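The values are calculated or read from the model by the stated rules, or taken from the named source; none is laboratory data. These numbers were taken from a predicted model, which means no experiment stands behind them. Every residue, glycine as well, gets a Cβ built from its backbone with ideal geometry; the counts of neighbours run over all protein chains shown. For accessibility, only protein heavy atoms count, side chains too; no ligands or nucleic acids. Shrake-Rupley method; radii C 1.70, N 1.55, O 1.52, S 1.80 Å.
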Amino acid sequence: MNKTLLQLRKQLHQNPELSGKEYETAKSIIEFVKEFNPTQIIEAIGGAGVAVVYDFEESGPTVVIRCELDALPIVEENTFAHKSGNYGVSHKCGHDGHMTIVAGLAEWLSMAEFKKGKVVLLFQPAEETGEGAAKVLEDERFLSLDPDYVFALHNLPGEKMNAVIVKSGFFSATVQSFRIQLTGKKSHASEPENGVNPAIAVAELIQEIQSFTNANANSADFALLTPVHIHLGEKNYGISPDNAELHYTIRTWSGEVMSALESKIKQAVSKVSNTHKLKAEIDWFEFFPASNNNSDCVSLIEKAAHQNNLELVEHPKSLKFGEDFGWFSSKYKSAIFGLGAGEHQPALHHSDYDFPDELIETGLLMFKGLITDILGK
């Protein structure tokens, strides 16, 4: 294990930053890579993002290797020496490990003898909120790099350690979050008839929205609607409340199914709120388009895994989590693959998760294999 990379991973883990605020993390990455003589470092892409460019002598394919800068608003339970020093924020999705792998390519690229092409190491902000990739793709400096391929990986606890998980087509789901706000009229709890209490409307909406679910992940019309937070009134037993909020996430495979669901939800909210004489508002946020893997890119990933004698797992189903890599797959020839992080690890986003350091070398082997295959041709 490369001790320098191990130190970087632990430094990143100790100093996590939330989506959209990853400026110190970006500085740490820049400090690390600049000694490996990149052709160019482009700062402040899509916010705090950084693109580290290695340009070789002749024109050729441009390969982007993307990772994520941001951490999560989760209190870390771990007690090891490199635990988060920013209370309430922690790297529970393994982005500290992803960054370390991609930064680790800089030293290799500084000594590489490719005759043609370009490699861009992209450290993307705000993946967890679904905003970062879209903002990167609005930046002319990134667009001018004109990528031919974009690759990324994600560690996957629950899968065999160091296994490479691939899937053509949709690798991850389309995900959309939304909030319904209902407003009625407050009254004394002894006289609810003088007010408009949204409680019954909340109950009806929960049942109505649940009826839109199709939990069969093998179906093209798969739709998972998960209630994540519900708030009604206050703990005041003399008041019949006038306010309620329902928060949900929706997961589908296709954008078309997502659009149809959004229409159904709007109709349901309109019908129920009108019946109960409530004012209703819906806010939509944290949209993650499905990551649609290009079949040629998946073949390159499979080849790199075979060349490095890594176990290859063809995943039978798309993964249900959101990944804003889908913004890249909608524009460029691209693919994201999984690296098994151990079958008995805590799940992603759990307060005691920590990226397994042994995956650093595996990730480096995979990305080096992809770059060599494309630029060495």
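Values for this structure:
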quantity	calculated
Residue pairs meeting the criteria (Cβ under 7 Å; at least 6 apart or on separate chains; first touching a residue at least 12 places away in the same chain (Cβ under 8 Å), in the stretch 287-306; second assigned to a loop (DSSP other than H, G, I, E, B) and among the aliphatic types (A, V, I, L, M))	A290/A173
Filter result (farther than 17 Å from L370 by Cβ, within 23 Å of the chain's Cα centre (by Cα) and of a type in the set (A, V, I, L, M)) within the stretch 102-144	A126, A133, A134, V136, L137, L143
Residue in the stretch 65-83 that is open to solvent by less than 10 Å² (accessible area, probe 1.4 Å), closer than 18 Å to G369 by Cα, of a type in the set (A, V, I, L, M, F, W, C) and touching a strand residue (DSSP E or B) at 6+ places or on another chain (Cβ under 9 Å) present	yes
Count - residues of the stretch 319-344 that are touching a residue at least 24 places away in the same chain (Cβ under 8 Å) and open to solvent by 60 Å² or more (accessible area, probe 1.4 Å)	6
Failed criterion for G46 (all others in (1) surrounded by fewer than 22 Cβ atoms within 10 Å (Cβ to Cβ); (2) under 21 Å from L143 (Cβ atoms) hold)	(1)
Given (1) out of contact with any Asp or Glu (no Cβ under 8 Å at 6 or more places or on another chain); (2) closer than 29 Å to V63 by Cβ; (3) open to solvent by 40 Å² or more (accessible area, probe 1.4 Å), index of the condition K303 fails	(1)
Filter result (in a strand (DSSP E or B) and of a type in the set (K, R)) within the stretch 113-164	K116, K118
Selection from the stretch 68-79 of residues that are in a loop (DSSP other than H, G, I, E, B) and not acidic (D, E)	L69, P73, I74, V75, N78, T79
Selection within the stretch 168-215 - open to solvent by less than 40 Å² (accessible area, probe 1.4 Å), at pLDDT below 95 and not in a strand (DSSP E or B)	A173
Any strands (runs of 3 or more DSSP E) falling wholly within the stretch 287-368 and containing at least 3 residues that are more than 19 Å from the chain's Cα centre (by Cα)	312-314
Total residues in the stretch 102-150, condition modelled with pLDDT of 95 or more, polar (S, T, N, Q) and open to solvent by 30 Å² or more (accessible area, probe 1.4 Å)	2
Filter result for I65 (in contact (Cβ under 8 Å) with a residue 60 or more places away in the chain, of a type in the set (V, I, T) and either part of a helix (DSSP H, G or I) or touching a His at 6+ places or on another chain (Cβ under 9 Å) (or both))	no
Residue check for I371: over 15 Å from the mean Cα position of the chain (by Cα) and outside any loop (DSSP other than H, G, I, E, B)	yes
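Quick grid of which residues meet (1) touching a residue at least 12 places away in the same chain (Cβ under 8 Å); (2) touching a Lys or Arg at 6+ places or on another chain (Cβ under 6 Å); (3) open to solvent by less than 40 Å² (accessible area, probe 1.4 Å):
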{"residue": "L12", "(1), (2), (3)": "yes, no, yes"}
{"residue": "E24", "(1), (2), (3)": "no, no, no"}
{"residue": "K34", "(1), (2), (3)": "no, no, no"}
{"residue": "N37", "(1), (2), (3)": "yes, no, no"}
{"residue": "V52", "(1), (2), (3)": "yes, no, yes"}
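Yes/no matrix, rows are residues, columns are (1) under 19 Å from T129 (Cα atoms); (2) out of contact with any helix residue (DSSP H, G or I) (no Cβ under 6 Å at 6 or more places or on another chain); (3) polar (S, T, N, Q):
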residue: A217; (1), (2), (3): no, yes, no
residue: H229; (1), (2), (3): yes, yes, no
residue: I239; (1), (2), (3): no, yes, no
residue: S259; (1), (2), (3): no, yes, yes
residue: A280; (1), (2), (3): no, no, no
residue: W284; (1), (2), (3): yes, yes, no
